[in-house]
Amino acid sequence: MATAAVMTTLDPKSRAASRGMSDLAIRNLFIIPTIVFLIVFNIFPLMYSLGYSFTDFRASSPAPANFVGLQNYRELLNDPFIWTNFAITAKYVIVSVIGQVIVGFGVALLLNRDIPFKGLITTLLLLPMMLSMAVVGLFWKLLYDPSFGIINYALGLGTFEWLSNPDMALYAVALTDIWMWSPFVMLLSLAGLSAVPKHLYEAAAIDRAGSLYTFFRITLPLVAPILMIAIIFRTMEAFKTFDLAYILTSQPTTEVISIRLYKMAFQEWQTGRSCALAYIVLIMVLAITNIYVKYLNKVKER
Amino acid sequence: MTQIELRGVQKWFGSVQVIKDLNLVIEDNEFIVLLGQSGCGKTTTLRAVAGLETIDEGDILIDGQTVQHLKAAARDIAMVFQSFSLYPHMSVYENIAFPLRATRMNRAELDSQVREIANVLRIGDLLDRKPSALSGGDMQRVAIGRALVRQPKAMLMDEPIGALDAKLREEMRAEIKRLHLKQGSTTIYVTHDQIEAMSLADRIVIMHEGVLQQVGTPNEVYSRPQNLFVAQFVGSPVMNIAAAKVAQDKDAATVTVEGAPQGFPFPAELLGKLNGSAGKALSLGIRPEGVLVEHEAGDGFVPAEAHIIEPLGSYDIVDLQFGDQMLRARTRSGFVEKAGSRVYARIDPAQAHFFDTASGQSLGVRL
């Protein structure tokens with residue numbers, strides 16, 4: 001009886017509480033600002049720049065935009081200099097992502113055991129990732145300095161030129177990127193490694209598998225899906241890289257596609273053309289990501 | 001041909017001693033079951049033999065060679081885990097082939113061995129499946145196949161069927177027995193299920209709190225338990241244990257359990273056999289089938305009240321109240337029709353066990 005009484009007194013109250021705001025209202029409260037934000041700052045500019053990419057619009061001139069059809073795309077795709085920029089970007093992506101995977105996964109393997117101060121070490125190793133790109137670029141510029149940089153001093157390289165050396169500059173930028181983003185790969189790898197059940201290693205030991213065999217047949221296949229995700233993220237980021245390369249050097253050999261795009265848009269003011277280039281880059285990133293995702297699904301299936 | 005020997009094995013986890021001075025010899029082709037409650041050290045013992053766990057003192061010998069310093073891989077012992085531990089990303093075929101590939105066997109021989117073992121285990125048609133697509137019983141078969149395929153010196157099984165449902169457990173139990181008889185390898189099997197232990201073992205090793213309690217054939221540990229722990233751990237339903245007093249009554253003996261108004265008659269020779277333990281507090285142990293129940297009073301029968309009746313199909317377990325003492329009896333099903341009935345019971349002296357209450361040790365009295 002007592003319970004029933006409580007129920008009847010509580011019930012209208014709780015109904016009143018929910019009357020204040022329905023589920024639908026709450027949903028809209030959370031979602032609508034996000035949608036508005038997305039439309040204003042992402043979708044609208046995306047569509048608008050798609051429109052510009054078919055014109056000869058220059059943001060620096062008052063002349064109205066003229067529709068030129070596919071001319072921007074045709075010219076860009078036939079421009080050997082643009083392809084040089086893409087080649088530089090590809091080289092940068094390959095070096096930087098492979099470097100990050102090797103360093104990140106290697107460190108994760110070292111950390112994936114019982115060592116003292118594991119948490120502290122992991123946190124400290126994550127620091128580079130938390131710094132701002134501009135800060136990292138500026139202080140690596142100092143580290144690389146041929147006359148007073150600590151890198152040459154530590155490696156005993158004398159006045160070896162890193163950033164002003166056209167053959168070396170791109171690798172120097174990639175090295176900085178590896179330093180900064182290996183922790184990201186490490187973090188994901190560590191999550192993947194610790195998710196491999198310990199009893200599988202015991203079973204492998206009983207099955208007389210050596211440590212290399214265990215690594216290639218058990219560890220790597222089971223970590224592969226999450227490692228693939230790390231690689232997808234890093235490839236996309238490396239493909240779009242701008243700040244690091246822009247701050248560290250101004251060599252033609254480090255002019256990755258984003259820098260070319262930036263110059264085209266804001267130094268040469270070829271707004272229409274740069275919009276077309278941005279779209280070409282976007283399509284390429286999407287294509288690469290798709291290939292990875294296909295591969296990821298295959299890895300997951302195994 | 002593999003003999004495994006444990007000599008004075010000790011193991012601590014921090015300040016807790018999980019294995020206390022364990023000595024055991026396992027003969028070639030023998031099926032040994034380590035039986036005990038969880039936390040009794042049986043799994044740790046098994047893992048120590050496998051090489052997954054180090055020991056703090058003592059020796060582990062395989063065929064006369066000390067192996068406690070060798071890694072698991074060097075001991076050439078196979079193990080079936082409770083969690084099966086199948087490699088989730090490999091097909092059944094690859095799982096079974098794994099130990100052979102790890103030792104770089106040539107491809108043709110590997111293939112024939114994998115298929116042969118798969119046929120023995122009746123999983124020949126599942127070779128392309130992933131473990132996640134298998135039933136519990138089939139997963140277990142694959143795990144056993146992976147262990148058997150390389151013809152190891154010995155097989156270790158850690159509660160291999162503990163995760164399966166009751167019906168499947170019974171089926172797999174029979175299958176493990178069949179496989180052992182067919183393949184005949186030295187086997188150590190860990191379980192907490194005494195029915196599994198009784199049905200599979202050549203010899204049962206009962207452990208409690210890291211201490212070996214008794215080693216013997218299933219029949220020995222059942223009919224001649226060496227102490228109160230074994231007496232109550234082996235056998236279902238559990239053996240009745242009651243504090244008891246033995247007295248002389250003319251030319252016979254009487255055993256009176258504490259709380260009961262009347263004693264049970266025993267042959268006079270009991271007195272002579274108990275002579276050595278005069279003055280000690282005794283416990284009587286009697287399995288439910290040793291408590292004989294009748295509807296009519298008879299010679300040596302003591303009146304009792306049927307308290308609770310548990311029908312178990314082929315037989316009933318009846319709780320009999322003797323004064324303040326309760327003894328469980330096994331009767332024909334439906335023999336006692338309803339709770340509260342008056343019945344008469346006596347104890348079969350041949351099935352009675354006597355223990356020293358203080359030490360828990362059996363007095364070894366057989367009538």
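Since every read-out is calculated from the coordinates, none of them should be taken as a lab result. In this text the structure is predicted, and so the values were computed from the model without any measurement. Every residue, glycine among them, receives a Cβ derived from its backbone with ideal geometry; neighbour counts consider all protein chains shown.
Would you list which lysines come within 17 Å of B:K280, measuring only between C-alpha atoms, while excluding same-chain residues fewer than 8 positions from it?
B:K245
Which value, in debye to the nearest 20, describes the size of the charge dipole of the stretch A:75-301 about its Cα centre when Lys and Arg Cβ atoms bear +1, Asp and Glu Cβ atoms bear -1, and nothing else is charged?
In total the dipole reaches around 620 debye.
Would you mind getting me the FRET efficiency between A:N297 and B:D128? Use the beta-carbon distance for r and R0 = 22 Å, nearest 0.05.
For A:N297 and B:D128, the calculated efficiency is 0.65.
If the only charges are +1 at each Lys and Arg Cβ and -1 at each Asp and Glu Cβ, what is the size of the charge dipole of the stretch B:240-356 around the Cα centre, to the nearest 20 debye?
My answer is approximately 180 debye.
Compute the separation of the alpha-carbon centres of the stretch B:124-141 and the stretch B:297-344 and state it in Å as a whole number.
Taking the Cα centre of each part, the stretch B:124-141 and the stretch B:297-344 sit 48 Å apart.
Using the count of nearby Cβ atoms within 10 Å as a rough guide to exposure, how do A:R234, B:R107 rank from fewest to most?
Placing the least packed residue first, the sequence is B:R107, A:R234.
Along the Cα→Cβ direction, 7 angstrom out, place labels at A:S194 and B:S112. What is the inter-label distance in nm?
Inter-label distance under the simple model: 4.9 nm.
In nm, what is the difference between 0.36 nm times the number of residues separating A:T123 and A:V285 and their Cα-Cα distance? Don't skip to the end; give the middle numbers.
Details: separation 162, 0.36 × 162 = 58.32 nm, distance 3.11 nm.
Fully extending the segment from A:T123 to A:V285 adds 55.2 nm.
Per DSSP helix of 4 or more residues, -39500 (n - 2.57); summed, then divided by the residues of chain A. What does that give at 222 nm, rounded to the nearest 500?
-23500 deg cm²/dmol
Say R0 is 25 Å: what FRET efficiency, to the nearest 0.05, do B:R224 and B:A174 get from their beta-carbon distance?
With R0 = 25 Å, the Cβ-Cβ based efficiency is 0.40.
Could you tell me how many cubic angstrom of Cα convex hull volume chain B has per residue?
165 Å³
Rank these for me by crowding, A:Y144, B:Y87, B:Y189, going from fewest to most other beta carbons within 10 Å.
B:Y87, A:Y144, B:Y189
Starting from 0.36 nm per residue, how many nanometres of slack lie between B:D348 and B:L271 once their C-alpha separation is accounted for?
Full-extension gain reported as 26.1 nm.
Largest first and in whole Å, give the semi-axes of the stretch B:300-354's equivalent ellipsoid, each being the square root of 5 times a Cα gyration tensor eigenvalue.
18, 14, 10
Only bridges whose two residues both fall in chain B count here: according to DSSP, what percent of them are antiparallel, nearest 5?
In chain B, approximately 75 percent of DSSP beta bridges are antiparallel ones.
Over what distance in Å are the Cα centres of the stretch A:54-98 and the stretch B:75-122 separated?
56 Å
Identify, among B:A118, B:S91, B:V149, the residue whose Cα sits farthest towards the positive end of the charge dipole of the stretch B:4-226, taking +1 on the Cβ of Lys and Arg and -1 on the Cβ of Asp and Glu, with the dipole about the Cα centre.
Positive-end residue among those listed: B:S91.
Rounded to the nearest 0.05, what FRET efficiency do B:K71 and A:M236 give with R0 = 51 Å and r taken as the Cβ-Cβ distance? Could you check? Don't skip to the end; give the middle numbers.
Details: r = 43 Å, r/R0 = 0.85.
Given R0 = 51 Å and the Cβ-Cβ separation, E is 0.75.
Other chains' Cβ within 10 Å of B:81-88 residues: what's the mean?
Counting other chains' Cβ atoms within 10 Å and averaging over B:81-88 gives 5.
Taking neighbour Cβ counts within 10 Å as the exposure measure, how do B:H192, B:H89 sort from fewest upward?
Neighbour counts put them in this order, fewest first: B:H192, B:H89.
Can you give the Kirkwood hydrodynamic radius for chain A, in Å, rounded to one decimal and based on Cα pairs?
It is 23.7 Å.
Would you mind computing, in nm to one decimal, how far apart the modelled labels at B:L61 and A:D243 are, each placed 7 Å from Cα along Cα→Cβ?
Taking the simple label geometry, B:L61 and A:D243 are separated by 7.0 nm.
Of B:K42/B:K167; B:K71/B:K130; A:K118/B:K20; A:K141/A:K300; B:K11/B:K273, which pairs sit farther than 31 Å apart, going by alpha carbon to alpha carbon?
From the list (B:K42/B:K167; B:K71/B:K130; A:K118/B:K20; A:K141/A:K300; B:K11/B:K273), the Cα-Cα distance tops 31 Å for A:K118/B:K20; A:K141/A:K300; B:K11/B:K273.
Using DSSP loop states and a limit of at most 16 other Cβ atoms within 10 Å to flag GluC sites (Glu not before Pro), what is the longest stretch of chain B containing no flagged site?
Maximal segment without exposed cleavage sites: B:28-208.
What's the magnitude of the charge dipole for the stretch B:4-226 around its Cα centre, counting Lys and Arg as +1 and Asp and Glu as -1 at the beta-carbon? Answer in Debye, nearest 20.
Dipole about the Cα centre, nearest 20: 480 debye.
Zone of A:S250 (label point 7 Å along Cα→Cβ, backbone N under 20 Å): which residues in the stretch A:157-197?
Those under the cut-off are A:161-174.
If I take all pairs of Cα atoms in the protein assembly as shown, what percentage of them are more than 51 Å from each other? List each step's numbers first, then the result.
Numbers: 98784 of 223446 pairs.
Of the Cα pairs, 44 percent sit more than 51 Å apart.
For A:I39 and A:I115, calculate 0.36 nm times their separation in residues minus their Cα-Cα distance, and state this gained length in nm to one decimal. Walk me through the intermediate numbers first.
Details: separation 76, 0.36 × 76 = 27.36 nm, distance 4.85 nm.
The A:I39-A:I115 span can extend by a further 22.5 nm.
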